[in-house]
Structures are given as C-alpha cells and as structure tokens.
Amino acid sequence: GHVRELFRIMCLSDLLASTDDNPLFLKEQTTVFLSPYQSSPHDLHVGCFNIANGESGEGMEGHKIIRGFYERRRQKVAAFLSKISQMDHQAIIDLLYESVEHRWRKHRDHQSAARDVALQKDMSDLRTLSMIAAGIGGKGLASIFRCLVYDYRHYSGGLPDCLLARARYCNSQTVDNSQTSSVVDLGDWIGESFSKESIEEKNVNSHIRMLYDRDDEFLGCSKNLDGPNSSRRAQGAPRIGNTKIHYTTFPSKLELQHSGRDVMVEIMFVEVKSANDRLDARQEDWLNVLDGVCNARVCKFEKTKVQKKKGKEKK
C-alpha cells in the first residue's frame with residue numbers, strides 16, 4: 001500500500017501536471033479524462049499497448065493499436081525517472097513533501113482541506129512515507145515507478161507482503177563519545193502511527209473488538225447479508241479505528257537527523273510463503289526488480305520437529 005501511495009503522490013501527479021502540444025496526445029486526452037471526479041486517468045490500466053479490433057478486414061490490418069499510459073508519455077516518464085534516480089535521500093523527502101504541500105495550498109481554507117479525504121490521509125502518513133521513500137532511495141523508486149508506469153494493471157499486484165523499515169544513527173558514538181544504541185526510536189523521530197499514543201489506541205481498539213457479537217464471521221459472511229440493512233459490522237455497533245484527525249496546519253518535514261545526529265534508513269521487502277507455497281509470476285517479477293536495487297527476500301515457514309511428530313501420531 002505504501003509503495004502505491006508513493007507512486008500516486010510523487011510520480012502520477014508530476015506526469016499528469018505536465019502538458020504536451022502533440023496533437024495526437026491532445027486528442028487522446030478527451031478519452032482519458034471523462035469526469036472531474038476521476039482519481040486517475042483511464043489509460044493507466046491499458047498497459048504499454050493494447051490491440052483492439054478494427055473495422056476493416058482481418059489480420060493485423062483489421063486491428064488498431066491503442067497507446068497506453070506509458071507510450072503516450074514516454075519522454076516525460078524517462079525524464080522524471082532519470083531525475084529521481086539521481087536524487088539523494090533528503091532530496092527525495094523534499095520532493096514528496098512539496099507534492100503534498102502543493103495540494104494543501106490549493107484549498108481555499110482549512111474546511112475545504114478537511115473534506116479532501118485523500119489529502120488528509122497523505123498528511124497523516126507524510127513522515128512515515130518520507131522515511132520509506134528515503135530508505136528505498138532514488139534508484140529503487142525509479143525502478144518501482146518504471147514498472148507501475150509501464151503496466152499498472154499488471155504490477156499493481158504481486159508486491160511483497162511485508163515492508164520492514166528501521167532507522168539507525170550513522171555514527172554509534174555521541175558527541176561526548178559515550179556508547180548508545182544505534183537504532184533510532186521511530187515513535188520519537190517519526191511520530192504518527194509509531195507514537196506511543198497511537199500504539200496504545202490500536203491495542204485498546206483490538207481488545208474492544210473482541211467483546212462485540214459480530215455477525216460478519218458467520219460462515220465467512222454476514223447473516224444479514226441479504227437484508228435491506230446488511231452491514232459488514234454488527235448492527236448498532238460503533239465504528240472502531242483510529243480517531244480521524246483534520247489537520248489545520250501542515251505537518252513538519254522529516255529531516256534525516258535526530259538528537260543532533262545523522263540518521264540512515266534501511267528497508268527490506270519480504271514475501272512470506274508456507275513450505276508448500278510457490279511464487280506466482282507477478283511476485284517473481286517484483287522480487288527480481290526489487291532485488292537489483294534494494295533488499296528483497298522470501299521468508300518460508302516450515303513445520304517444526306514437534307509439529308511433525310504430532311502429525312505422525314494423529315495418523
């Protein structure tokens with residue numbers, strides 16, 4: 001989810017904001033944006049090329065090639081990916097911050113910004129996304145965005161299950177040369193969902209959920225699914241989750257420093273599989289792409305010796 005969120009904020013907004021005087025591109029724009037309420041252009045899901053049936057003849061003469069998102073913006077995509085691949089970690093954070101801040105400034109007042117659900121979500125995760133973007137790095141982001149731009153429909157699935165992140169001090173010695181832990185406290189540095197208050201709230205909500213008489217677990221679906229007031233939660237039960245926060249001021253930018261010391265972020269993508277499970281084609285594609293630019297691993301779970309003995313005894 002965070003990777004696709006970075007793509008939407010950093011890459012998609014930049015490419016759609018640019019203009020093109022090419023007559024073919026301008027003509028195609030009329031079929032790409034049909035409504036002001038679209039969250040993305042329609043050609044994003046076409047892929048590089050798509051072949052549609054033509055009106056004349058059979059064979060290749062009877063087909064027409066429909067250009068996809070990547071093909072229509074090839075030069076702009078290449079220029080953007082080249083730029084981002086050469087950015088250092090702080091420059092990537094700056095680009096992400098400015099992209100979200102630009103959308104914030106476009107609103108006429110705080111009430112208008114509060115109604116922008118996507119903006120509020122991006123603001124609530126901005127420092128976390130900044131840490132992840134810095135950890136992946138410019139070359140890593142360029143490789144990931146290249147796949148999503150080329151064929152979003154294919155590459156939007158298959159990303160590894162887990163995205164692990166940690167921050168470490170570049171130098172394990174403090175100013176007075178006293179030894180301290182090299183791992184940065186994310187709750188103190190990032191805040192947001194890593195803060196103590198947020199973690200405690202999540203723990204309380206998870207315990208409260210256990211007390212509800214929920215009908216959505218009845219044979220995998222709701223008992224009232226066919227009723228006029230069907231719901232995925234128990235009727236009358238309050239919604240559970242983090243309290244919605246409407247920002248009246250823009251969050252502060254993340255700096256790769258904490259307590260006067262430089263910080264480096266490490267990222268690892270992990271695909272989790274059981275012993276008998278196999279990777280599908282998209283998962284293999286993503287692991288090959290990610291392994292070349294950052295850490296990517298497959299974690300397989302196997303039965304312990306105790307579990308194997310119990311299984312044999314039951315037989």
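The values are calculated or read from the model by the stated rules, or taken from the named source; none is laboratory data. Here the structure is a predicted model, which means the values were calculated and not measured. Glycine gets a Cβ as well: all are built from the backbone with ideal geometry, and neighbour counts include every protein chain shown. The accessibility values were calculated without ligands, DNA or RNA, using every heavy atom of the protein model including side chains. Shrake-Rupley method; radii C 1.70, N 1.55, O 1.52, S 1.80 Å.
For segment 253-300, state the semi-axes of the equivalent ellipsoid (square roots of 5 times the eigenvalues of the alpha-carbon gyration tensor), sorted largest first and rounded to whole angstrom.
Semi-axes from the Cα gyration tensor: 32, 12, 8 Å.
Between HIS258 and residues 5 or more places away or on another chain, which pairs have amide H atoms under 5 Å apart, with H built 1.01 Å from N, and which residues are they?
The list, which skips near neighbours in sequence, is VAL263.
Which value, in Å² rounded to 10, gives the accessible area of TYR155 with a 1.4 Å probe and all protein chains present?
It works out to around 40 Å².
Report, to two decimal places, the Cα Rg of segment 75-201 normalised by 2.2 N^0.38 Å (N = number of residues).
Ratio of Cα Rg to 2.2 N^0.38 Å: 1.28.
Using 5 Å bins from zero, what percent of all Cα-Cα pairs in segment 109-153 falls into each bin?
Spelled out per bin, shortest first, that is 5, 19, 16, 16, 21, 13, 9, 3.
Give the separation of the Cα centroids, segment 85-139 to segment 192-206, in Å.
Result: 23 Å between the Cα centres.
Are there trypsin sites (Lys or Arg not before Pro) in segment 109-157 that DSSP marks as loop and that have at most 13 other Cβ atoms within 10 Å, and which are they?
Filter output for segment 109-157: ARG115.
Using the Cβ atoms and a cut-off under 12 Å, what net charge is assigned to the surroundings of LEU254, where Lys and Arg are +1 and Asp and Glu are -1?
-2
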